[in-house]
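To keep things clear, I will list the structure first and then write my remarks on it.
The values are calculated or read from the model by the stated rules, or taken from the named source; none is laboratory data. Since we're looking at a predicted model, the values are computed, not measured. No Cβ is skipped: glycine too gets one built from the backbone with ideal geometry, and neighbour counts run over all protein chains shown. Remember, those area values only see protein heavy atoms, side chains included, never the ligands or the DNA or RNA. Shrake-Rupley method; radii C 1.70, N 1.55, O 1.52, S 1.80 Å.
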Amino acid sequence: MVPLTDLRAITREVSEEIQAAWQQVVAGSAFIGGPFVEAFEQAWAGYCGTRAAVGVGNGTDAIALTLRALGIGPGDEVIVPANTFVATAEAVVLVGAVPRFVDVDPSTLLVTTETLETGVNERTAAVIVVHLYGNIPAMDAIQRWAEAKKLAVVEDAAQAHGSTRRGRKAGSFGVAGCFSFYPGKNLGAFGDAGAVVTDDEALSDRIRSISNHGRSASHDSHTVVGTNSRLDGLQAAVLSCKLPLLDAWNNARRDAVATYRRLLVNQGVHLVEAPCESAHYQNVALVPGRDRVRDRLRAYGIETGVHYPMPCHKHEPYRRYAPEPLPVAEQAADEILSLPLFPHMTEEQIRHVCGCLNRLGSELERAG
Ligand SMILES: *Cc1c(COP(=O)(O)O)cnc(C)c1O
């Protein structure tokens, strides 16, 4: 059996240390906010190379809180790629704005200035760049483009903990970087958690206030109608224990992807290009006849995934936000196949997967 991922092996590496940390959280009753949350926020801002980090309840809230703190809401449009996890678009709708879906580059499946341009109109307030599968697009060009149009760039870095491009970490390019620490992400909590990183301390103060019932710094007055989306102490302690291992885990993923690239020789299977030093949240191939190939791999004991089977604008509640077809995202949805990838993967496991992929022939024919 080759699983798609192996969260248990990651948990095993840190579980003793986390249990000791949890005893301290419990001894101090430091459950919401407090020293464990502050320590992780500092460590995470330091890791990402930003001035501030605000712990929040989950990745969806990280995006929605950022948009609210930027003053984005009813009457505004926010550009998002069509081929992302639905939460990116969901956060836009949650703040009362309209998501405007755009297409992506066929070799990276990431937005470019050309695809972003198709979504711009007089109501556009921001773009959310998604570092899909851990891959950071050409941020320098995108930021120059956005600056000229006076659009805020928000990063959805929920799949890119530790990805770097030209020495800069995911989350540090835009006005804010939004992270999810859902257990299966490259840095995962023992439940739901999230964070926003930013260099703009006025922005981080507003996010902190909105996420904590609209509280002012003095704690006693509520200056806006906020919500409750805070990072709790037990999760912060988990994240602080895991953070020192993140680079080693990401490097192990990079080594595994390099081995895949070396061993995979079937010309019909194309690994999606990573135009940066990716954290490789997923190792995705474009495979014609994807569903047949999946069945075949399953028969050999290989588990695969599809991230994601339908682009956002094909889901019922989001259909009205995509007036035009988005052919690259739509075709990719039929061909993307997430291959097994996790830090503890062995070369033997990669050989088994690549051996099966290399033997594929007629399965790889495009249907109709
Ligand atoms: C996981 C994920 C989110 C949402 O994070 P949650 O913590 O589940 O709310 C948002 N965007 C992308 C791209 C994700 O992968």
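Which one, Val196, Gly174, Ser163, is farthest towards the positive end of the dipole of segment 160-210 when Lys and Arg carry +1 and Asp and Glu -1 on their Cβ?
Positive-end residue among those listed: Ser163.
If you average 1/r over all unlike Cα pairs in segment 1-86 and invert the result, what Kirkwood radius do you get in angstrom?
16.7 Å
Taking every DSSP beta bridge that has both residues in the chain, what percent is antiparallel when rounded to the nearest 5? Can you show the working numbers first?
Values: 22 of 39 bridges.
The antiparallel proportion sits near 55 percent.
Under the definition of Cα pairs under 8 Å and six or more residues apart, what whole-number percent is the relative contact order of segment 111-158?
Normalised by residue count, the contact order of segment 111-158 is 49 percent.
7 Å from Cα along Cα→Cβ at both Leu4 and Glu16: what's the point-to-point distance in nm?
3.2 nm
Name the residue farthest towards the positive end of the dipole of segment 160-306 from the options Gln235, Gln267, Leu245, assuming +1 on Cβ of Lys and Arg, -1 on Cβ of Asp and Glu, about the Cα centre.
Result: Gln267, furthest along the dipole toward the positive end.
Would you mind working out the magnitude of the charge dipole of segment 120-175 relative to its Cα centre, with +1 at each Lys and Arg C-beta and -1 at each Asp and Glu C-beta, to the nearest 20 Debye? Working shown, then result.
Details: 8 positive and 5 negative charges, 32 e Å.
Value, rounded to 20: 160 debye.
What is the gain in length, in nm to one decimal, between Phe31 and Asn228 on full extension, counting 0.36 nm per residue of separation less the C-alpha to C-alpha distance?
Roughly 69.5 nm would be gained on extension.
Using DSSP to define loop residues, name the trypsin sites (Lys or Arg not before Pro) in segment 130-160 whose beta-carbon has at most 16 other beta-carbon atoms within 10 Å.
Lys149, Lys150
Quick one: work out the % antiparallel among DSSP beta bridges in segment 73-223, nearest 5.
30 percent
In whole percent, what relative contact order does segment 1-156 give with Cα contacts below 8 Å and a gap of six or more residues?
16 percent
Over the Cα atoms of the chain, each weighted equally, I'd like the Debye log10 I(q)/I(0) at q = 0.06, 0.08, 0.10, 0.11 Å⁻¹, rounded to two decimals.
-0.22, -0.40, -0.63, -0.76
Counting Lys and Arg as +1 and Asp and Glu as -1, what is the net charge of the other residues whose Cβ lies under 13 Å from the Cβ of Gly361?
Numbers: positive: Arg292, Arg296, Arg359; negative: Glu363, Glu365.
So the environment of Gly361 carries a net charge of +1.
So for Tyr281, Tyr182, what's the accessible-area order with a 1.4 Å probe, most first?
If we order Tyr281, Tyr182 from most to least accessible, we get Tyr182, Tyr281.
Below 12 angstrom from the Cβ of Ala176, what's the summed charge of the other residues (Lys, Arg +1; Asp, Glu -1)?
-2
I need to check one value: relative contact order of the chain, counting alpha carbon pairs closer than 8 Å and at least 6 residues apart, in percent.
Numbers: 775 pairs, mean separation 83.3, N = 368.
Normalised by residue count, the contact order of the chain is 23 percent.
Highest mean first, how do 167-180, 120-133 rank when packing is the count of other Cβ atoms within 10 Å averaged over residues? List each step's numbers first, then the result.
Values: 167-180: 24.6, 120-133: 20.8.
So the order, starting with the most tightly packed, is 167-180, 120-133.
Per residue of segment 75-89, in order, report the coupling 6.51 cos²θ - 1.76 cosθ + 1.60 (Karplus, θ = phi - 60°) as ³J(HN,Hα) in whole Hz, putting x for Gly and Pro.
Result, ordered by residue: x, 9, 10, 10, 7, 9, x, 6, 9, 10, 5, 4, 4, 4, 6 Hz.
So how long is each side of segment 278-368 along the principal axes, counting just the alpha-carbon atoms, biggest first, in Å?
47, 33, 20
Dipole of segment 1-145 (Lys/Arg Cβ +1, Asp/Glu Cβ -1, origin at the Cα centre): which of Leu110, Ile142, Gln23 lies farthest to the positive side?
Of the options given, the answer is Gln23.
Less than 27 Å apart at the alpha-carbon level, and either on another chain or at least 8 residues along: which lysines does that give for Lys169?
Counting by Cα, and skipping residues close in sequence, Lys169 has these lysines nearby: Lys149, Lys150, Lys185, Lys242.
So how do 310-323, 284-297, 59-72 stack up, highest first, on mean other-Cβ count within 10 Å?
Details: 310-323: 16.1, 284-297: 19.4, 59-72: 25.5.
The most tightly packed comes first, giving 59-72, 284-297, 310-323.
What are the ³J(HN,Hα) values, in whole Hz, obtained from phi via the Karplus relation 6.51 cos²θ - 1.76 cosθ + 1.60 with θ = phi - 60°, for each residue of segment 144-154 in sequence order, with x given for Gly and Pro?
Taking θ as phi minus 60°, the curve returns 4, 4, 5, 4, 4, 9, 6, 10, 6, 9, 10 Hz for segment 144-154.
Please give me the summed charge of the neighbours of Ala237: other residues whose Cβ is under 14 Å from its Cβ, Lys and Arg +1, Asp and Glu -1.
Values: positive: Lys242; negative: Glu16, Glu17, Glu38, Glu41, Asp232.
In short, -4.
Which value, in debye to the nearest 20, describes the size of the charge dipole of the chain about its Cα centre when Lys and Arg Cβ atoms bear +1, Asp and Glu Cβ atoms bear -1, and nothing else is charged?
Working: 34 positive and 42 negative charges, 68 e Å.
Dipole about the Cα centre, nearest 20: 320 debye.
Arranged from highest to lowest average of other beta-carbon atoms within 10 Å per residue, in what order do the peptides 269-279, 190-200 appear? Could you put the intermediate results ahead of the total?
On the way: 269-279: 19.9, 190-200: 23.3.
Descending packing order for the listed peptides: 190-200, 269-279.
Using the heavy atoms of the protein chains alone and a 1.4 angstrom probe, what is the accessible area of the chain per residue in square angstrom?
43 Å²
Would you mind working out the magnitude of the charge dipole of segment 222-368 relative to its Cα centre, with +1 at each Lys and Arg C-beta and -1 at each Asp and Glu C-beta, to the nearest 20 Debye? Before the final figure, lay out the partial values.
Working: 17 positive and 17 negative charges, 24 e Å.
Taking the Cα centre of segment 222-368 as origin, the dipole is about 120 debye.
Using a 1.4 Å probe over the heavy atoms of the protein chains, calculate the carbon and sulfur portion of the accessible area of segment 1-69 as a whole percent.
51 percent
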